[in-house]
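Let me begin by presenting the structure, written as structure tokens, before commenting on it.
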Amino acid sequence: MRHEEKGLLPLTEAVVTRRILLPSEADLLPLLGRNDENLRALESLLALRIVARGNEIILKGDEPRVVRAERLLTRLSDLAHAGTPIHSADVRAALRMLADDETADLKGVLLDTISVPSRKKQISPKTINQKRYVDAIRSHDVVVAIGPAGTGKSYLAVAMAVSALTKREVARIILTRPAVEAGERLGFLPGDMFEKVHPYLRPLYDALYDMLEADKVASLMEKAGR
């Protein structure tokens, strides 16, 4: 029986052990995470056993996965040593990036922060493609992005717009989104034009309220309507 999804070692594969020796003066907390949450996330993702002892990290499991974990932890330790904060979400994102491209610039992606006035979170690209998307928005007036739902296209676009507004690079944000009819024409839907179109704009409003205080959003909308 295989138990990879629970982070246990596959019983049918050869087990190897690797050791990563970090500088004795290194602060391991940024790399390991609070209560070793970064290591636990990596254990779960790759079905390994990972133990931190002093300045040594021991990896045990299937060799290809151990090699992937060793490569990832080595790259992340360099970032942590440079003062880059690392969270479990960053571990997942970095693992995906290295799976797609072993030479991926983890530092360039993880250090790219979009400045928004949110006290709750920092917004940054989590994949190479998201990084390219954000860079394209920075350097072009019009950017067309195509991809599956849930890949951050609308959210990152709103984040870049809010950042530009905060820096006074733009005077206002215009929310627009194609209204793709699904079985019914907009004219037959109940309500006025705002009520007809609002469901299509809901993801953009959700992103705005995630990045700005509700009263700030209301104030900006009132100001834009004048």
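Residues of the range 59-95 that are open to solvent by less than 20 Å² (accessible area, probe 1.4 Å), within 18 Å of residue 25 (Cα to Cα) and not in a helix (DSSP H, G or I): 84 alone.
Taking the range 40-58 as the search range and keeping residues that are of a type in the set (A, V, I, L, M) and farther than 21 Å from residue 104 by Cα, which one is most open to solvent (accessible area, probe 1.4 Å)? Of everything passing the filter in the range 40-58, 51 is most open to solvent (accessible area, probe 1.4 Å).
If the condition is being modelled with pLDDT under 85, outside any loop (DSSP other than H, G, I, E, B) and among the basic types (Lys, Arg), then the range 1-33 contributes only 6. Within the range 56-75, not a single residue is acidic (Asp, Glu) and under 30 Å from residue 208 (Cβ atoms). Residues in the range 101-114 include at least one that is in contact with a Lys or Arg (Cβ under 7 Å, 6 or more places away or on another chain), within 30 Å of residue 220 (Cα to Cα) and assigned to a loop (DSSP other than H, G, I, E, B). Considering 164, 136, 104, the condition of being open to solvent by less than 30 Å² (accessible area, probe 1.4 Å), more than 26 Å from residue 214 (Cα to Cα) and out of contact with any helix residue (DSSP H, G or I) (no Cβ under 8 Å at 6 or more places or on another chain) is satisfied by 136 alone. Considering every residue within the range 99-122, establish whether at least one is of a type outside the set (D, E, K, R) and within 18 Å of residue 46 (Cα to Cα). Yes, some residue in the range 99-122 is of a type outside the set (D, E, K, R) and within 18 Å of residue 46 (Cα to Cα).
The values are calculated or read from the model by the stated rules, or taken from the named source; none is laboratory data. These figures come from a predicted structure and were not determined experimentally. Virtual Cβ from ideal backbone geometry, glycine too; neighbours counted across all protein chains shown. Only protein heavy atoms, including side chains, enter the accessible area calculation; ligands, DNA and RNA are left aside. Shrake-Rupley method; radii C 1.70, N 1.55, O 1.52, S 1.80 Å.
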